[in-house]
Amino acid sequence: MNSSSTSQKADSFEPETPDPAISQGHDEDSVPSLSIVIPMYNEEANISRLFSRLSPVLEGLPETWEVVCINDGSGDRTLELLLEEAKRRKGLVVVNLARNFGQHAAVMAGFSQARGQWIITMDADLQNPPEEIPKIVEQFRKGHDLVGSIRKARQDSLFRKMASRITNRLITRISGISLRDFGCMLRGYSREVVRGILENPEYRTFIPALATFFARNPVEIEVEHEERAAGQSKYSLLKLLSLQLDLMTGFSMWPLRILFFVGSIIAVLGLSSAFLIVVLRLYYGPDWAVQGVFTLFAGLFFLVGCQFFALGLLGEYIGRIFQAVRKRPPFILDWVKRYLKCSLFVPMASDSWDERCLSRFHQGEARFSRTQVCKIVRVCIQKVYVDRTAAVG
């Protein structure tokens, strides 16, 4: 076949639909062993420090790896700095969300793009030291499918420490989930656990607690905790309370049962008080009622407060049902860019489809089926052969 016919065939060739298995990261020849998922929101001050500490740790591991960074609608230079890091450091996946969806939605987005058999989540503020990652990897090697972490010597305020300790114990008793430190982001998930989370999405959830439902061999280990490298925590008091409410209402029916018991006790007390008031009225006469008016008002306000509390809790559960029925996605992807760990090919100047794909493959901006990869390799072999023939001639 002459060169002109070959060129016409290449130019007329239409790209094939990517293999779904490869698009979802299930090609055993290309899937990394480890994925690091890092949600980011206004973290421009921490990005350089993060990668300067994270890269040596990953390079020291025998496993292949990738780093998935999710820009959760940041309003600063977080995305710009991520793209700059991607030019210097290969093995980086940059996920940009359409707007701010919250930390757990961003983690879900990272899970959807992570291809590793083991997935580790961590914060970008370096309160979770990257040097602790090998500890989690070691637990994976031992056969654990969910690795939780417990922060020792926490570098937080006394108020936050006490509130976290009380909340952890309360939620453990209410939900029955045996996690000692719900707030630590440095955690490891096996591919099977992540698949279970992605196949059963919940609009508002708490990922570490949800993961325990799918885990078969979980474990918890102690990890170091450091002060935030720069900036301030994105979790305000209101957001922390909202997160605790998500935990209690998303993983337990106990709040509703407590309402039943509290309502029953209040009803018994109300009937007893009514009987007592009638007896006192008959015994002391009408003057007693005037003297006890404040007591009656106090009891009334107490009962009204309990009713509003009960209605609010019921509304929270009904609101969750409403959100689940609408089936809106927990996040919306804007775009995803993948950068290979090494540049194996050099893009060529020809305008054929094979060579255009080769250029995109070199830049790490596309996925291809096995057939398409074979075609790209064929072009490379032809390129090397032509170059060597020209050199010999």
(request) State whether the residues of region 219-240 include one that is at pLDDT 70 or above and not assigned by TED's automatic domain parsing to the domain that holds V147. (result) no
(request) Check I171 against each of (1) over 17 Å from I36 (Cβ atoms); (2) modelled with pLDDT of 65 or more; (3) more than 16 Å from the chain's Cα centre (by Cα); (4) buried (at least 16 other Cβ atoms within 10 Å of the Cβ) and name the one condition it does not meet. (result) (2)
(request) Could you please let me know if A211 is of a type in the set (A, V, I, L, M, F, W, C), touching a Lys or Arg at 6+ places or on another chain (Cβ under 9 Å), modelled with pLDDT under 75 and farther than 19 Å from N100 by Cβ? (result) no
(request) Check L79, L83, L54 and return the single one that is closer than 28 Å to K135 by Cβ, at pLDDT 90 or above and in a helix (DSSP H, G or I). (result) L54
(message) Among (1) touching a residue at least 24 places away in the same chain (Cβ under 8 Å); (2) not in a loop (DSSP other than H, G, I, E, B), there is one condition G73 misses while meeting the rest; what is its number?
(response) (2)
(request) Within region 255-267, identify whether any single residue is at pLDDT 70 or above, under 30 Å from S112 (Cβ atoms) and surrounded by 12 or more Cβ atoms within 10 Å (Cβ to Cβ), and answer yes or no. (result) no
(request) Check R180 against each of (1) modelled with pLDDT under 85; (2) within 28 Å of Y317 (Cβ to Cβ); (3) touching a Pro at 6+ places or on another chain (Cβ under 9 Å) and name the one condition it does not meet. (result) (3)
(request) Test each condition in (1) within 21 Å of V147 (Cα to Cα); (2) of a type outside the set (F, W, Y); (3) surrounded by fewer than 21 Cβ atoms within 10 Å (Cβ to Cβ) for E66 and report the one that comes out false. (result) (3)
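The values are calculated or read from the model by the stated rules, or taken from the named source; none is laboratory data. For clarity, every value in this text was computed on a predicted model and none was experimentally measured. As a convention, Cβ positions derive from the backbone with ideal geometry for all residues, glycine included, and neighbour counts pool all protein chains shown.
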